[in-house]
Amino acid sequence: MRIIATLMAGVAALLALPAYAQDTGAPVDPATIVVPDLTGGRDPDVVRNGWKYFYFWRADTSFEEALADFTECYRFLPVGSTHPGTPMFAPWEGRPAAEAYTPIPAYGLVGVAIGAIIAGPLERRARQSRLRRCMEPRGYQRYPLQERRWEVLTDNFSAASIAMQAKAASGAAPDGLPLPEDR
């Protein structure tokens, strides 16, 4: 009898807790978000680098839908240097943050120098690849963007960039053509 009473008290305590997984925080007002100029998608140099610098857009998408999609897809970005085919853990709650990574210099100072040179592009490519694998099946298309505008839009993949990219994805139709899926 005491076990049943303890279990009932535990269940009552759990039901009284706030639903943390459903807490979305303060709603984001799209009018307060400043998006960089997304024009220039027809420039041949911009299109040529479209595989590196792009943004997503989908027709008939509200800001709230795009924000929910980007928020969900951004959960997969902070995963460290793992093999891209390896299943990745994505937490159900909490704000994701890039995990602090302390490399062990297995290849000496020369290896550290070479690694520092190639680490940035590799990390960018891994994050973009994960974002593409999440956004493209949802119907979003990629459009080319100039590098400096892409850097402002992605803002080093910060939390503010989620809202900025959601506004771009739900905004006016892009002036250029979508990038092919093989690029």
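For this structure, a couple of remarks:
- Residues of the range 114-136 that turn out to be modelled with pLDDT of 85 or more, more than 22 Å from residue 155 (Cβ to Cβ) and surrounded by 11 or more Cβ atoms within 10 Å (Cβ to Cβ), as a count: 1
- Residue count for the range 25-57, restricted to those that are over 20 Å from residue 177 (Cα atoms), in contact with a helix residue (DSSP H, G or I) (Cβ under 6 Å, 6 or more places away or on another chain) and either part of a loop (DSSP other than H, G, I, E, B) or of a type in the set (A, V, I, L, M, F, W, C) (or both): 2
- Residue that is nearest to residue 38 (Cα to Cα) [pool: residues in the range 126-166 that are more than 9 Å from the chain's Cα centre (by Cα) and not in a helix (DSSP H, G or I)]: 145
The values are calculated or read from the model by the stated rules, or taken from the named source; none is laboratory data. Quick caveat: nothing in here was measured; it's all calculated off a predicted structure. Counting neighbours? That spans all protein chains shown, and the Cβs are built from the backbone with ideal geometry, glycine included.
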